[in-house]
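Each reported figure results from applying straightforward, stated rules to the coordinates on display, with no laboratory input. Every value quoted in this text rests on a predicted model; they were computed, and no experiment measured them. Using ideal geometry, Cβ is built from the backbone for each residue, glycine included, and neighbour counts are taken over all protein chains shown.
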Amino acid sequence: METVTAIVFYVLAGAAVAAALVMITQKSPIGSAFALIVVLCSLSAIYGLLGSPFIAALQIVVYAGAVMVLFLFVIMLLNVRSEEPGPSRGGPLGLTALGLCALLLAQVASVLLRARIDVVASYDASSARVAQELFSPRFLYAFEATSVLILAALVGAIALAKKEL
Amino acid sequence: MSELVRHALVLSALLFSIGALGVFLRRNLITVFMCVELMLNAVNLAFVAFSRALGALDGQVLVFFVMTVAAAEAAVGLAIVIALHRKKDTLNVDAFSLLRF
């Protein structure tokens, strides 16, 4: 791996992990949302490093743009200040969750660090190629089904958010 | 490039674990929801890394579909959050136990 690419990757990965940890420890939802935006932007840059400009652009536009604006909009609409005090999730339940997540991470990491990963030399994931793949007969029906899904989600969201349910 | 792909996959596992931990530990409904988004993004990173390793574009197309479904899920989920907040006046997940056995 080229040194510059490696350094850029580790900086981005460190930023993503740090922001993710800030996100789950932050008390206020607004802070969590901004931390998540940092994670999403770092991931977008990592997609660029992995040679996927189309997905990198989509990540910024769809996730960091549309979805996170929706989250911030709802947080501000509901005026959520911070987590309400209540029975803590710490103690045995929290420790069990921590243990399970550590186990999951250890399993995946041990497999990945030992596996041999062969990477093909030439790789072209330009927007044109991805679009060609997307509109090929293999994925055409799935693509059309997505538009129906979005329509259903649109109607569902409007119906759910109405004054009287 | 092989090391880059490997470390991207480790990063993906790390982000997924952090997201799962957040889902387990947090009590605010919106924060839990954001942790689910983080887990979806970790899976997307694995798709892109494997797409790069195998030289096939199927991973990229799958990421596209995951993003579309996640956007639809966010719209419906946040509408449900608004409806729940209107009913109970709280976002604490422990307050919503109607379906609990």
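How big is the charge dipole of chain A about its Cα centre, in debye rounded to the nearest 20, if each Lys and Arg gets +1 on its Cβ and each Asp and Glu gets -1 on its Cβ?
Its charge dipole is roughly 280 debye.
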Normalise the Debye intensity by I(0) for region A:1-48, one equal point scatterer per Cα, no solvent, then take log10 at q = 0.14, 0.18, 0.28 Å⁻¹ and round to two decimals. -0.36, -0.53, -0.92
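Within a 10 angstrom radius of each residue's Cβ in B:94-100, how many Cβ atoms of other chains show up on average? Whole number is fine.
1
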Under the classification rounded if a/c is under 1.5, otherwise prolate if a/b is larger than b/c and oblate if not, where does region B:39-78 fall, given a ≥ b ≥ c as square roots of the Cα gyration tensor eigenvalues? oblate
Taking the alpha carbon gyration tensor of region A:1-81, what are the square roots of 5 times its eigenvalues, largest first, to the nearest whole Å? 27, 16, 5
Suppose every Lys and Arg Cβ carries +1 and every Asp and Glu Cβ carries -1, with no other charges. What dipole size does region B:2-94 come out with about its Cα centre, to the nearest 20 debye? 240 debye
Label-to-label distance, nm, for residues given as A:F34 and B:R100 (7 Å Cα→Cβ offset): 3.4 nm
With only helices counted (DSSP H, runs n ≥ 4, each -39500 (n - 2.57)), the per-residue ellipticity at 222 nm for chain A, to the nearest 500, works out to -23500 deg cm²/dmol
Backbone N within region B:1-26 under 16 Å of label point (7 Å from A:Y10 Cα along the Cβ vector): B:1, B:3-8, B:10-11
Per residue, how big is the convex hull around the C-alpha atoms of region B:2-94? Give it to me in cubic angstrom, could you? 66 Å³
For the Cα atoms of chain B, what angle does the longest principal axis make with the long axis of helix B:58-88, in degrees from 0 to 90, nearest 10? 10 degrees
Multiply the residue separation of A:I117 and A:L149 by 0.36 nm, subtract the distance between their alpha-carbon atoms, and state the gained length in nm to one decimal. 7.9 nm
Quick shape check on the protein assembly as shown: root eigenvalues a ≥ b ≥ c of the Cα gyration tensor, a/c under 1.5 is rounded, otherwise prolate if a/b tops b/c, else oblate, and it reads oblate
Whether region A:38-143 is rounded, prolate or oblate, judged on the alpha carbon gyration tensor where a/c under 1.5 counts as rounded: oblate
Can you list the lysines whose alpha carbon is less than 21 Å from that of A:K163, not counting same-chain residues fewer than 8 positions off? B:K87, B:K88
When a footprinting reagent is the concern and you count Cβ atoms within 10 Å, what order do A:L93, A:L70 take, fewest first? A:L93, A:L70
Treat each spin label as a single point 7 Å out from the Cα along the C-beta direction, and report the A:Q132 to A:L21 distance in nm. 4.4 nm
Region A:1-74 to region B:65-101: how many Å between their Cα centroids? 23 Å
